[in-house]
Amino acid sequence: MTDDLITYELKGNVALIGLNRPDKRNAINEGLLNALAAAAIRAGGEARAAVLFGHGRNFSAGLDLAWLAERIRPGAPYQKPYIGSLWHRTFNLISRGPIPFVAALHGPVIGGGLELASAAHIRVAADNAVFGLPEGQRGIFVGGGGTVWVQRIVGNATMTDMMLTGRILNAEEARNVRIAQYVEPAGTEKEKALQLATRIAENTPTTNWQITNLLPRMNDVSHEDGLFMEFLNSNMMKPPETIGRLSAFLDGKSPLPLDKKKAD
């Protein structure tokens, strides 16, 4: 599937989803959000993992300011409050959907682009990637879930610094504050992301769902409630694929990666 705003390709069990407004630096507007939501829903139904990337020189320069200016101009049609949550609904399809997402990041990853990247579960940065939250200098505030997704990754102090000062982080600085888990030479970040997503797709869907949906919710509950949720998930009925994998391991037919290294 390809449309004007999003590209979609299924490669094995991995969906490749591309932001496709290169002439606009992949700036995010209502049309792109709707197309991205449709792609995320499709991927959740037919893939086991997904790679999110940007076409052109940018992952995403963030909010389409021309779109914003039109929405807030004097005399513009009234926007119902729930329209603003389109960002949240779309990014939730990524962060707490049925499959894991790996983001391949290059060039500017700014504002809403960083909020989108932070909704992914693993982020691979090209060594030419730069990261920022310039909303403070634009006279606006984050609206794509950054107060949740970005702040939980980098912490309050780092996010406050980035927003108040307009500080831009390079790839290594981004890795130091946990925005990126991997840094790769520019031009290879998508390949690395695909490798990771392909490996992730080999896990059982149930386990991947538990990792991407249970773990983040542990930040929202008490110590005892967290342990209770873990107990419930660990003891839920196991699908046939899990039983088969455990049997193969016990029979010595499926060694763990560490066992393979020892054998070598």
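The values are calculated or read from the model by the stated rules, or taken from the named source; none is laboratory data. Everything numeric in this text was worked out from a predicted model, so none of it was measured. Every residue, glycine among them, receives a Cβ derived from its backbone with ideal geometry; neighbour counts consider all protein chains shown.
Residues checked against (1) in contact with a Ser or Thr (Cβ under 8 Å, 6 or more places away or on another chain); (2) of a type in the set (Lys, Arg); (3) free of Cβ contacts under 8 Å to residues at least 12 places away in the same chain:
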| site | (1), (2), (3) |
| --- | --- |
| VAL148 | no, no, yes |
| ASN156 | no, no, yes |
| LEU164 | no, no, no |
| LEU169 | no, no, no |
| ILE179 | yes, no, no |
| PRO185 | no, no, no |
| LYS192 | no, yes, no |
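Just to be sure before I move on: is ILE179 surrounded by 14 or more Cβ atoms within 10 Å (Cβ to Cβ) and in contact with a Lys or Arg (Cβ under 9 Å, 6 or more places away or on another chain) in the structure I sent? In short, yes.
Within the range 34-60, the set of residues being surrounded by fewer than 19 Cβ atoms within 10 Å (Cβ to Cβ) and within 19 Å of VAL109 (Cα to Cα) comprises HIS55, GLY56, ARG57. Scanning the range 118-140 for residues that are part of a helix (DSSP H, G or I) and surrounded by fewer than 19 Cβ atoms within 10 Å (Cβ to Cβ) returns GLY136, GLN137, ARG138. For the range 196-205, the criterion of being surrounded by 15 or more Cβ atoms within 10 Å (Cβ to Cβ), touching an Asp or Glu at 6+ places or on another chain (Cβ under 6 Å), modelled with pLDDT of 95 or more and in the same structural domain as ASP127 (by TED's automatic domain parsing) is met by no residue.
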